[in-house]
């Protein structure tokens, strides 16, 4: 079962995504502060990250850059989300895909499996 780490400080969104992804067979971990991502990633070893662009304590692009600078996560797929079209910023720091909000959560499983590839 692939493990997804959702990094989003909006609890309603994160809970909804966690429920839907769990129903689709994903193991889901939620982190609501950017400062906690690296430590939790070391504990959880996610197969993919879903990171919001703007968090209360940091920018998603800083988190993506930190993950890409960590050898264990240089190749782990990262999907960034935002209500603003900041796709170029997301891709420039190393995100594999970008989704503008609101997006259809039903599209996530196929996107995640495509990015993770065969296990």
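What to note about this one:
- Label separation (residue 35 vs residue 12): 2.6 nm, computed from points 7 Å beyond Cα along the C-beta direction.
- Our helix-only sum for the chain, with -39,500 (n - 2.57) per DSSP H run of n ≥ 4 divided by its residues, gives a mean residue ellipticity at 222 nm of -11000 deg cm²/dmol.
- Gyration tensor (alpha-carbon) shape descriptor, region 1-43, a/c threshold 1.5: oblate
- Anisotropy class of the chain from Cα gyration tensor, a/c 1.5 cut: rounded
- Antiparallel bridges, percent of DSSP beta bridges restricted to the chain (to nearest 5): 5 percent
- Summary of the geometry: region 1-20 and region 59-105, compared by the centres of their Cα atoms, lie 15 Å apart.
- Normalised contact order of the chain, rounded percent, pairs of Cα under 8 Å and 6 or more residues apart: 23 percent
- As a proxy for reagent exposure, ranking 82, 56 by other Cβ atoms within 10 Å from fewest up yields 56, 82.
Coordinate-derived values only; no laboratory data. Predicted model, so just to flag it, every value in this text is computed and none were measured. With ideal geometry, Cβ positions are generated from the backbone for all residues, glycine too; neighbour counts draw on all protein chains shown.
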